[in-house]
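Read the structure below first, then the notes.
The values are calculated or read from the model by the stated rules, or taken from the named source; none is laboratory data. Quantities reported herein were computed from a predicted structural model and do not represent experimental measurements. Cβ coordinates were reconstructed from backbone atoms using ideal geometry, including for glycine residues, and neighbour counts include every protein chain displayed.
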């Protein structure tokens, strides 16, 4: 089977050959030198002149006088703080309804890194790209720094003095608190107190992308307006209809962890879950599915109905597309075969569709098994119609005051103009948002909230599972927690910290228990009484004696009365259109929160590999008709792929038009286009967001109950304009450097693996036969001597079966290793600096390919081609197997990068970090103008995020993955200081984990000492020997990173038919 | 004479032992010394009143003639005080009660008392034999230099004599002689001299260029004339009492003001040996303590409010370039290297200067020759191959270099 990242690779075009041959895509500057010799603008003689002058100048400058450096100690040093030692504080990442228990790494008073909290049973230490990037938001220069009235700075006292009477003088008009989903029990309590102080006021929840459909469907089916817990780990058959549960749907970190459990393979008894995915444009969940079927957005309801019928044994009807019909039959068969261990989820926001999904799950016996009603997920609470009603009230002038926190409806409501007008009709408007976002700009009073790393608080991501929030840094600006404002205005005596403490002391019983809970960061079921919402002191004794055990999974009582009405509603709903539109969320940017974060903007989208933009996703088939690009023709594929300029299309929906560039993405339904939400922000969100992409919320529509993010009647036409998109798809393409192409990827089907488990081992043996075979390859395959690694030999294993491509590791690596942001223009020129990339490989048909993700970092080859060619020995091997890169020794010849078969070395083309000894060296001829965001990242405030244990690299040096050398050194030192062997994963105790490993929500990456017989890496490699392979093993680089082959749970014959289709 | 030698030997031993924080010694008095500097020295000196009384002759005072009373007191002073009027008097005099040390065993206390008994009376510093030895070794280079110079002059004179004799002989034999050329116009000499100058000039230039940015012997003026000789030398305060973070972290911190005030709340004047700075000017120790009080916003005899203090802006002496990672804990705790190895004889420095060049060659040389705590530290149990080789005596010791201590990315990342 052939694996390809780009269309050029698929067709093996000239452009691709050039790309994979050359590390650097710039023309070498030989031409000018050849032409004129001494007449060229910068001749060799000039060069020597400048070199001589600058050396002398530097010598004179350096020898004049050494600057006197000051060392200023504490005046009164707290006993538990040691300068230079990092401390970890358990806290909670909260963004709208998403709450993730995390640890904030604090170095000398500055939070610099976020790690997952392993005590949380929900995430079990996993994080996402957005959680990892959230520490940078703390140091965002676009944050509001002080309270404002009418955009003028005021003190908190002044604003309190002005707001309190304003709220009391509304002459009966109600106050509305408008928030995004609130999971914090104490915040809810504070809101309740406020509401009881101002009778008639109410709390409205508005989520930018809501789960209204599910909430209302569950109310109709089960009598509970809530979302149950899903247990993907218990499911042996999973069918998803457009739910991107590994990327953006409800609780992706939790689901990813559960899902990966079902995908872990035991070599002796190879079994795994089966995942069938129906979707319109390719998501990362679809990319991970065993089988994937395409449909139009308007067919979602029909598919759900057909699946219900099929599961009930009535056969598939109402589906015209043959492949899709077969897919539904297949799905029904798999689901029925796993009664009680089957799960169907759906991403639709339509109440009727979700009711049908409930009926399917009920028919499959999912309740109490794969769907657990004993605990509910609280991350999505907003009901779209509530907000629509609020808008009408506001427009009618019947709302006296509007207090906004978290929500930003001017940006995220489809009818932005209506929201604007409505806000203008409210007498008192207060915003607590921490940036001057689109809604906040219209508010009279602004009291910016703290960042979560500066806040006290709590969260209840799932009922009964609590997570506490404590500050990791003193507030940077004159901000105040919004709960403090609420409490103050409702006349409470305590501040919010006192309020939170009092609340939890009541639940937990003692100061000691509260301290313990704060230290752990989580309170799990079994620690507190069930009826937490009614907190009073008499509960405390009950809390101690009468704790509830961890909840047992239960199903709900299903009410089937609505299924018939839902069916008829779906049948009479919208008709299939010619071109249909779907609005989706990206893993990094989400509904728009990530837009101001440079790390997330520069994180390549897992599927499209594009950075810094949103765009219209179209299928290769549509490209042929619409853009006149036939990807099977080499020249056309190259013309499309090599240049960043993409054709701009005009998309029109409901008479609203937006121009965006079009990207051709395999795996898109031919009649469907997709556009990402969350872009098109104003400059107030930050330099990273300004002018990036377009806001497409206006393409959504409201059907009276819920917001619909699809549209069956979209018009698309070519405008003739071009627009540059920075796509990393073709960057760092690599394959066998000599002669015949061999695939870098190995993959199996589950059946294959069962029937022929040694397939990969045999394949490897065959490849290595000329050089001593598997056994003697290390020593016989080379003329170089083999060096001993006497104590520690670091190794890494990446399980491609677990990797879902979410990008958390890439952002974690950015944060840990001070990797610079280079901006869109530099990414366009192949200059991105990420030390690790996740290569997305397609295989199979162009229209609906299979996808494999391969995280690729420096392979730390024991026989590294880069080391031999460095003229100054700036890169060398150490006795622990790490390929070292010494920045201060590097002179920038880039020979190493040219000789690296994996293309993992990065060159600092410009002074991205302001680390250069010479000021103002960032913009100069040859480098070109850098994007403003590069300078923004070097702002004094933003630089506080830098990891002081890692050198900030300057212009003209190569850098690459170091296996987190600062972490290996720190871990070794800890073991030495305690005079004990290094803990490398035995009993899940770790001295050293790399940043990528620690951030991974699915534990796909294992790292440790290969020489230690009990280490996790040794055990992983031994237990998975039959799936182990090394990338480009036959060129004898002897990498220290191995991969475990992806196993896809499909039957052989099906795969073959898919190829034909 | 022999008596004098024994005193100087003891003194030397005392100086050295003060800074062996980690090595365990079997001898009682030495144990006692270690225990004393770890537990007592922050408030007590043997011959000096600090926060607490001087401990010399303690066993002849008050209730302390009975050892059991001492044990009881050390383990729980507040409880003891209730029963004993003498200690109540002490509290009045010193305005504070001693910290309890329940962890000190009776044997430990015995050892400390033995040390106190045996501790020498205050003596003039700077008479150690070690210093004399270094001075001697310094002399020999000079001696060789002078010898070389004398030999060179002798050779030169002999050459001249030889030339004159040859001329005389030539005259005698009637061989026509050229006009003698003075040595300063002799081509041979000129070439030789030029060559020497060129080599020396080249050497100085290269050495100077390599030394650019290095600041060996750097001794900046500090805002307070803080004498390490007085604190670490005369008063034998352990280095780690003030620079304790050197055990745990990357930085050996500069002590915060509250550390200074632990003792200087009580010690407000300097009564020791006169201190003179590098220019020979006498330093008024008491005035320097007053400077500290100014930073600390402290008035003698009144309670101290630490929140009003202002930090002292010390001039940093040891500066490593940004691309070097250095960790104190690695050397002090894991490597058990003594502070003096890199910082010189701090106990004899009034104002501290940079003792070592802190160059990469200096670091690497030490890593090549220093043996790691290979058998004592459990971490190294994974190096099975080396343990075998040590057993077979194919290896004598494991140097830092052997375990990768000279690899680039041990310090540059």
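Side notes on the structure shown:
- Residue, farthest from the other protein chains (Cβ to nearest Cβ), within the stretch B:233-248, restricted to residues that are within 21 Å of residue B:345 (Cβ to Cβ) and in a loop (DSSP other than H, G, I, E, B): B:236
- Identity of the residue in the stretch B:378-413, at the interface with another protein chain (Cβ under 9 Å from one of its Cβ atoms) and not in a helix (DSSP H, G or I), that ends up farthest from residue B:322 (Cα to Cα): B:383
- Among the residues here, residue B:36 does not qualify as modelled with pLDDT of 80 or more, closer than 28 Å to residue B:258 by Cβ and more than 36 Å from the chain's Cα centre (by Cα).
- Looking only at the stretch B:198-228, and only at residues there that are in contact with a helix residue (DSSP H, G or I) (Cβ under 6 Å, 6 or more places away or on another chain) and more than 13 Å from every other protein chain (Cβ to nearest Cβ), the one that is surrounded by the fewest Cβ atoms within 10 Å (Cβ to Cβ): B:225
- Any hit, the stretch A:954-971, residues being in contact (Cβ under 8 Å) with a residue 12 or more places away in the chain, over 28 Å from residue B:377 (Cα atoms) and within 10 Å of chain B (Cβ to nearest Cβ): yes
- Condition check for residue B:375: within 13 Å of chain A (Cβ to nearest Cβ), surrounded by fewer than 16 Cβ atoms within 10 Å (Cβ to Cβ) and over 23 Å from residue A:882 (Cβ atoms): yes
- Out of A:858, A:813, A:806, sole residue that is part of a loop (DSSP other than H, G, I, E, B) and under 21 Å from residue A:949 (Cβ atoms): A:858
Yes/no matrix, rows are residues, columns are (1) within 21 Å of residue A:188 (Cβ to Cβ); (2) at pLDDT 90 or above; (3) surrounded by fewer than 22 Cβ atoms within 10 Å (Cβ to Cβ):
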| residue | (1), (2), (3) |
| --- | --- |
| A:418 | no, yes, yes |
| A:432 | yes, yes, no |
| A:439 | no, yes, no |
| A:448 | no, yes, no |
| A:468 | yes, yes, no |
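- Any hit, the stretch A:939-946, residues being buried (at least 19 other Cβ atoms within 10 Å of the Cβ), in contact with a helix residue (DSSP H, G or I) (Cβ under 9 Å, 6 or more places away or on another chain), away from every other protein chain (no Cβ under 14 Å) and at pLDDT below 90: no
- Top-ranked residue of the stretch B:290-336 - restricted to ones that are surrounded by fewer than 17 Cβ atoms within 10 Å (Cβ to Cβ), out of contact with any helix residue (DSSP H, G or I) (no Cβ under 6 Å at 6 or more places or on another chain) and not in a loop (DSSP other than H, G, I, E, B), ranked as nearest to the other protein chains (Cβ to nearest Cβ): B:315
- Close pairs from the stretch A:869-892: first within 8 Å of chain B (Cβ to nearest Cβ) and without any contact (Cβ under 8 Å) to a residue 40 or more places away in the chain, partner surrounded by fewer than 22 Cβ atoms within 10 Å (Cβ to Cβ) and not in a loop (DSSP other than H, G, I, E, B), Cβ under 6 Å, at least 6 apart: A:876/A:867; A:886/B:408
- Any hit, the stretch B:267-286, residues being within 14 Å of chain A (Cβ to nearest Cβ) and more than 16 Å from residue A:77 (Cβ to Cβ): no
- Residue match in the stretch A:726-738 (condition: under 31 Å from the mean Cα position of the chain (by Cα), part of a strand (DSSP E or B) and either touching a residue at least 40 places away in the same chain (Cβ under 8 Å) or farther than 25 Å from residue A:5 by Cα (or both)): yes
- The requirement of being assigned to a helix (DSSP H, G or I) and either within 11 Å of another protein chain (Cβ to nearest Cβ) or in contact with a helix residue (DSSP H, G or I) (Cβ under 8 Å, 6 or more places away or on another chain) (or both) is fulfilled nowhere in the stretch B:349-356; no residue meets it.
- Under the condition of being more than 25 Å from residue B:338 (Cβ to Cβ) and out of contact with any helix residue (DSSP H, G or I) (no Cβ under 9 Å at 6 or more places or on another chain), the residues counted in the stretch B:364-407 number 8.
- Filter result for residue A:825 (surrounded by fewer than 20 Cβ atoms within 10 Å (Cβ to Cβ), part of a helix (DSSP H, G or I) and under 23 Å from the mean Cα position of the chain (by Cα)): yes
Here's the yes/no breakdown for (1) in a helix (DSSP H, G or I); (2) at pLDDT 80 or above; (3) surrounded by fewer than 14 Cβ atoms within 10 Å (Cβ to Cβ):
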position: B:47; (1), (2), (3): no, no, no
position: B:50; (1), (2), (3): no, no, no
position: B:53; (1), (2), (3): no, yes, no
position: B:63; (1), (2), (3): yes, yes, no
position: B:70; (1), (2), (3): yes, yes, no
position: B:91; (1), (2), (3): yes, no, no
position: B:110; (1), (2), (3): yes, yes, no
position: B:113; (1), (2), (3): yes, yes, no
position: B:124; (1), (2), (3): no, no, yes
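- Checked against (1) within 14 Å of chain A (Cβ to nearest Cβ); (2) touching a helix residue (DSSP H, G or I) at 6+ places or on another chain (Cβ under 7 Å); (3) at pLDDT 90 or above, residue B:251 passes all but condition (3).
- Residue in the stretch A:1000-1008 that is surrounded by fewer than 19 Cβ atoms within 10 Å (Cβ to Cβ), under 30 Å from residue A:767 (Cβ atoms) and within 14 Å of chain B (Cβ to nearest Cβ) present: no
- Taking the criterion of being under 29 Å from the mean Cα position of the chain (by Cα) and in a strand (DSSP E or B), the only residue of the stretch A:861-883 that qualifies is A:883.
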